[in-house]
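First the structure, in the form of structure tokens, and then the observations on it.
The values are calculated or read from the model by the stated rules, or taken from the named source; none is laboratory data. Here the structure is a predicted model, which is why all the values come from computation and not from measurement. Positions of Cβ are backbone-derived with ideal geometry, glycine not excepted, and every protein chain shown enters the neighbour counts. For accessibility, only protein heavy atoms count, side chains too; no ligands or nucleic acids. Shrake-Rupley method; radii C 1.70, N 1.55, O 1.52, S 1.80 Å.
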Amino acid sequence: MKNDNDSLSRFWFILSNAIPPIGFFLYFKHRNQFPNKAKKALTSAVIGVPIALVLSCVFNNYIIK
């Protein structure tokens, strides 16, 4: 049975953006069979890393202080 669904669902896109290791895992899981799904997961994870760094600095220096 061949699955032609080569798009990442909205749930996994948001989750891989919020938690980048999930996006990297999804990339390595789907990179051979579903290249578009893997590329979107990797892009979301890579975008999520700087966002997490900036938000952690803001929270640590201004909010929790």
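Assign one of three labels to the chain, namely rounded, prolate or oblate, based on the Cα gyration tensor with a ≥ b ≥ c the square roots of its eigenvalues; rounded applies when a/c is under 1.5, prolate when it is not and a/b is larger than b/c, and oblate otherwise.
Values: a/c = 4.23, a/b = 3.26, b/c = 1.30.
It comes out prolate by the Cα gyration axes.
Hey, rough spin-label estimate for Asn5 and Ala52, points 7 angstrom out along Cα→Cβ, what's it come to in nanometres?
It works out to 2.6 nm between the two label points.
Show that you can apply the helix-only estimate: for the chain, add -39,500 (n - 2.57) for every DSSP H stretch of four or more residues, divide by all residues, and state [θ] at 222 nm to the nearest 500.
Calculated mean residue ellipticity at 222 nm is -22000 deg cm²/dmol.
In sequence order, what are the phi-derived ³J(HN,Hα) couplings for the stretch 24-29 according to the Karplus relation 6.51 cos²θ - 1.76 cosθ + 1.60 with θ = phi - 60°, rounded to whole Hz, with x for glycine and proline?
Taking θ as phi minus 60°, the curve returns 5, 4, 5, 4, 5, 6 Hz for the stretch 24-29.
Mind checking the angle between helix 35-58 and the chain's longest principal axis? C-alpha axes, 0 to 90 degrees, to the nearest 10.
0 degrees
Report, in debye and to the nearest 20, how large the dipole of the chain comes out about its Cα centre when Lys and Arg carry +1 and Asp and Glu carry -1 on their Cβ. Can you show the working numbers first?
Details: 8 positive and 2 negative charges, 12 e Å.
Here the size comes out at about 60 debye.
Any idea of the accessible area per residue across the stretch 9-65, 1.4 Å probe, to the nearest Å²?
Computed with neighbouring chains in place, this is 76 Å² per residue.
Probe radius 1.4 Å, ligands and nucleic acids ignored: give me the carbon and sulfur share of the accessible area of the chain as a rounded percent.
Of the solvent-accessible surface of the chain, carbon and sulfur hold 65 percent.
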